[in-house]
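First comes the structure, then the notes that go with it.
The values are calculated or read from the model by the stated rules, or taken from the named source; none is laboratory data. For clarity, every value in this text was computed on a predicted model and none was experimentally measured. Here the Cβ positions follow ideal geometry from the backbone for every residue, glycine too, while neighbour counts run over all protein chains shown. The protein model used for the area step is the full one, side chains on, heavy atoms only, and it has no ligands, DNA or RNA in it. Shrake-Rupley method; radii C 1.70, N 1.55, O 1.52, S 1.80 Å.
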Amino acid sequence: MKLDSMYQEVILDHYKHPHGRGLRDGDAEVHHVNPTCGDEITLRVKYDGTRIDDVSYEGQGCSISQASASVLNDLLVGKELAEAQKIQETFLELMQSKGRIEPDDAMEEVLEDAVAFAGVSKYPARVKCALLSWMAWKDATAQALGGADAERKTA
Ligand code: ZN
């Protein structure tokens, strides 16, 4: 089974046909860049209480960074914050595994298409590409809902 090439197709498909792309109404907006690769993303979050109503974005850069934003939109929109944080932490764990984690069924159930980035974790320079939109989401969420990050910025 050529898992790597299947994963590459998933990433390429999200890159060519991004889900939920475009900026829509939001509670907070952030702009994050990954200077080592030249990736950029502008991301907005919209919350309905603690439920994620929308994650909209515009960006440019490599296929990994842009596909990752599309996967994030798929995974997080409609979720409760606690569940979304669990997904984000699982994805972070996978991306920081340096290729040591082989996603199992349980992980695939949480991450769905995001398991396609497993192979990317072997390349430290590309890990930042894959995490760009997820860090942007975390930052935007802190600004929208308050928290340590938001407090630090206004201090
Ligand atoms: Zn990149």
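Couple of notes before you dig in:
- Amide proton proximity set for Asp27, modelled H, under 5 Å, gap of 5+: Val45, Lys46, Tyr47
- P(r), alpha carbons of the range 45-155 - 10 Å bins starting at zero, rounded %: 14, 45, 32, 8, 0
- 3J(HN,Hα) along the range 36-45: 5, 10, x, 7, 9, 8, 10, 9, 10, 10 Hz, from the Karplus curve 6.51 cos²θ - 1.76 cosθ + 1.60 with θ = phi - 60°, whole Hz, x for Gly and Pro.
- Within a straight-line Cα-Cα reach of under 15 Å, Lys122 can be paired with the following aspartates and glutamates, leaving aside sequence neighbours fewer than 8 residues apart in one chain: Asp4, Glu93, Glu102.
- Computed over protein heavy atoms with a 1.4 Å probe, the accessible surface of the chain works out to 53 Å² per residue.
- Extension gain, Leu81-Leu145: 0.36 nm per intervening residue step, less the Cα-Cα distance, totals 22.0 nm.
- Approximate spin-label separation Thr36-Tyr123, in nm, with each point projected 7 Å along Cα-to-Cβ: 1.2
- Using only side-chain charges placed at the Cβ, +1 for Lys and Arg and -1 for Asp and Glu, the dipole size of the chain relative to its Cα centre rounds to 560 debye.
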